[in-house]
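Each reported figure results from applying straightforward, stated rules to the coordinates on display, with no laboratory input. Just so it is clear, the structure is predicted and the values come from calculations on it, not from any experiment. Every residue, glycine among them, receives a Cβ derived from its backbone with ideal geometry; neighbour counts consider all protein chains shown.
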Amino acid sequence: MRILKNILVTGGSGFIGSNFIHFLLNGADGFEGRIINVDALTYAGNPLSLADIEEQFGTAAGTAQRYCFEHGNICDRPFIEGIFKKYDIDTVVHFAAESHVDRSIHGPEAFVKTNVMGTFTLLDTARDFWQSEKDALFHHISTDEVYGSLGDTGRFTEETPYDPRSPYSASKAASDHLAMAYSHTYGLPLTLSNCSNNYGPRQFPEKLIPLSILNILEGKELPVYGDGKNIRDWVYVEDHNRAVWTVMRQGKAGEKYNIGGENEWENIRLLYALIGIVSRKAGLDAEKVRASIAFVKDRPGHDRRYAIDCSKIKKELAWKQEVNFEEGLSRTVDWYLSNSGWVNSVRSGEYRRWMEQNYGRR
């Protein structure tokens with residue numbers, strides 16, 4: 001069982017990263033150390049997602065400080081080297097990534113820079129800093145999209161050949177290969193995980209579930225790509241982060257682990273389920289809401305189906321999902337209903353102005 005002390009979390013102000021930090025500092029089994037969150041605060045990185053963590057564990061905690069934020073870009077080698085030295089980093093969990101397929105189609109360069117060159121910078125800095133350190137760990141977060149698209153049957157396993165179909169998934173596939181190469185070539189202590197679609201609190205409202213929730217609440221059109229029958233495997237973000245923590249503490253160096261919800265839903269069926277939950281909680285007429293569904297031109301190269309086989313992590317590390325989809329969706333809807341301030345600040349421009357005042361333009 002690894003004892004991890006000074007954990008560098010890249011992209012910790014984003015959706016999964018901020019939930020991971022909440023998970024660790026609010027009672028994750030076996031963690032008594034310190035978190036250093038490095039985030040460039042691009043459009044989806046939101047300091048408000050960690051305001052309560054900053055208040056409880058940040059500078060106000062004095063000598064008991066367990067959370068530190070550093071604003072910077074993972075492609076900046078001198079900056080990353082400075083973080084390793086300043087905080088004596090022994091662990092990296094690498095969430096930072098450009099992650100939206102549509103954005104990658106319209107602007108792939110940012111995805112190559114962040115996802116490929118940023119990962120290289122982190123890996124090479126860790127290799128230089130740790131040398132022969134055996135108690136260090138680099139955990140690389142990836143996606144099931146690197147495997148390509150499935151037909152009507154089968155699931156992705158850790159041995160499934162990579163077949164990325166978008167600039168986003170291609171950049172993540174490249175970063176995975178770099179990570180495993182550093183493990184095999186240099187002996188860098190490294191684990192890797194590929195996860196299915198995450199959902200839950202604090203997700204930037206461009207992704208399917210939060211976008212649909214907010215559009216339902218605001219009476220807006222509900223766009224659905226193609227025929228709506230593309231299938232995704234959904235895992236609640238807390239379940240994913242428990243899996244990541246399990247791999248970090250117990251996973252075998254040089255190994256990769258698939259993390260999934262074993263929970264496949266057609267997009268249109270998922271939207272119907274969300275309409276029912278949001279309408280019930282917000283007192284809306286579900287039939288009227290369903291009438292606002294609009295089928296739109298399909299995304300270029302839209303993968304038809306993803307499904308994760310996570311039997312390896314279940315068998316070897318005794319992880320399992322704890323939050324079923326109905327409960328997870330209900331929790332997610334409740335969070336967005338209860339956190340209108342977070343939503344409004346992100347969507348209104350208030351957050352951009354606040355960030356520029358506090359961190360400048362980068």
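Length gained on full extension, Glu109 to Ser311: 69.2 nm, using 0.36 nm per residue less the C-alpha separation.
In what order do Ser104, Ser330 fall by count of nearby beta-carbon atoms within 10 Å, going from fewest to most?
Details: Ser104 22, Ser330 15.
So the ranking, lowest neighbour count to highest, is Ser330, Ser104.
Seen from all sides and averaged, what is the projected area of the convex hull of the Cα atoms in the stretch 113-241, in nm²?
10.1 nm²
Given the options Thr42, Thr59, Thr153, which has the most mean-square fluctuation in a GNM of the chain, springs set between C-alpha atoms less than 10 angstrom apart? Among Thr42, Thr59, Thr153, the largest mean-square fluctuation in the Gaussian network model of the chain belongs to Thr153.
Sequence-ordered 3J(HN,Hα) estimates for the stretch 26-39 from the Karplus curve with 6.51, -1.76 and 1.60 and θ = phi - 60° stand at 10, x, 4, 4, x, 10, 10, x, 10, 10, 10, 8, 10, 8 Hz, glycine and proline given as x. Label zone (Leu211, point 7 Å along Cα-to-C-beta; backbone nitrogen cut-off 13 Å) within the stretch 276-312: 294-300.
Taken as Cα centroids, the stretch 207-281 and the stretch 116-163 sit 21 Å apart, rounded to the nearest whole angstrom.
The H on the amide N of Asn197, modeled in the peptide plane, is under 5 Å from the matching H of Asp233, Val235, each at least 5 residues off or on a different chain. Given their separation in residues at 0.36 nm each and the Cα-Cα distance between them, Asp298 and Asn344 gain 13.7 nm when the chain is fully extended. Return the subset of Lys207/Lys288; Lys113/Lys220; Lys281/Lys320; Lys113/Lys229; Lys207/Lys315; Lys5/Lys207 for which the Cα-Cα distance in this structure is over 27 Å, preserving the input order. The pairs that break the limit, which is 27 Å between Cα atoms, are Lys113/Lys220; Lys281/Lys320; Lys113/Lys229; Lys207/Lys315; Lys5/Lys207.
Loop-located GluC sites (Glu not before Pro) across the stretch 185-222 with a Cβ neighbour count of 11 or fewer within 10 Å are Glu218, Glu221, with loop assigned by DSSP.
Each Lys or Arg adds one and each Asp or Glu takes one away; over the other residues whose Cβ falls under 12 Å from the Cβ of Gly219, this sums to -1. Axis of helix 15-25 versus longest Cα principal axis of the chain: the two differ by about 60°, to the nearest ten degrees.
When every Cα-Cα distance of the chain is counted in 20 angstrom steps from zero, the calculated P(r) takes the values 29, 61, 10, 0 percent. Ordering 130-142, 162-174 by mean Cβ neighbour count within 10 Å, with the highest value first, yields 162-174, 130-142.
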